[in-house]
Amino acid sequence: MAVDPVLAAPGTVISNKVLPLPQANQAPDFGTHKLYVKKLDQYLQDVESHPREFETAVAARRATFNHFSKMML
């Protein structure tokens, strides 16, 4: 499928190569796990230090979800 370079999104790399699909999902290695745990710990620290912001974000998400679920009825 050809892509017109003028219409491509900025920063998009256009290549004619067809990349092979991975054979199977790869299990995360220890480095990936450490990075995930570090990110999760930072998130928990942020929530602990700013609980109101977290509560506000959850309330907004719930309101959006409830809005869309009522539209589906």
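Just so it is clear, none of the values below were taken in a lab; they were calculated from the coordinates. The structure presented is a predicted model; accordingly, all values stated were derived computationally and were not measured. Cβ sites come from the backbone with ideal geometry, for glycine too, and all protein chains shown count toward neighbours.
Net charge in the neighbourhood of Glu55 (other residues with Cβ under 14 Å of its Cβ; Lys, Arg +1, Asp, Glu -1) is 0. Fewest-first ordering of Val18, Val37 by other beta carbons within 10 Å of each residue's beta carbon gives Val18, Val37. Taking a sphere under 14 Å around the Cβ of Thr32 and counting the other residues whose Cβ falls inside, with K and R at +1 and D and E at -1, yields a net charge of +2.
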